[in-house]
Amino acid sequence: MLNFDWLAGVSTENAKNIFLVLFVIIGILVMMIPTDYAYEGVEKSDRHWYNNLKYWALGSLTILFIIYYIF
């Protein structure tokens, strides 16, 4: 059974800010991935912006960031 009593002293606003900062840090780490690695498995002649996995990861993080920011 999980024990989350150690979070009792953290306010909701602080917890929200911690998660938002984590999303930003993950986004920065995603941007540090080399482009060739992000296009893994796609031939150079067939590379389009929608094949770049970095954009898909940043899009997912952005959606999560907005949801956490609103709620």
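All of the numbers you see were taken from the coordinates with simple rules; none came from a lab. Quick caveat: nothing in here was measured; it's all calculated off a predicted structure. Cβ coordinates were reconstructed from backbone atoms using ideal geometry, including for glycine residues, and neighbour counts include every protein chain displayed.
Relative contact order for the chain using alpha-carbon pairs under 8 Å, separation at least 6, rounded to a whole percent? Could the numbers behind the result be given before it?
Numbers: 27 pairs, mean separation 26.8, N = 71.
Worked out over the chain, it gives 38 percent.
Mean-square fluctuation check for the chain, GNM, Cα pairs under 10 Å: which of Ser45, Ser60, Ser11 is largest?
Among Ser45, Ser60, Ser11, the largest GNM mean-square fluctuation belongs to Ser45.
Only sites in a loop by DSSP and with at most 14 other Cβ atoms within 10 Å count here; which trypsin sites (Lys or Arg not before Pro) in the chain make the cut? Let's see the in-between values first.
Values: sites: Lys16, Lys44, Arg47, Lys54; in loops: Arg47.
Listed in order of number, the matching sites are Arg47.
For Ile33, list long-range residues whose amide hydrogen, built 1.01 Å from N in the peptide plane, is under 5 Å from its own amide hydrogen.
none
Once phi is turned into θ = phi - 60°, what whole-Hz ³J(HN,Hα) does the Karplus curve with 6.51, -1.76 and 1.60 give for every residue of region 6-22, x standing for Gly and Pro?
5, 8, 4, x, 9, 6, 4, 5, 5, 5, 4, 5, 4, 5, 5, 5, 4
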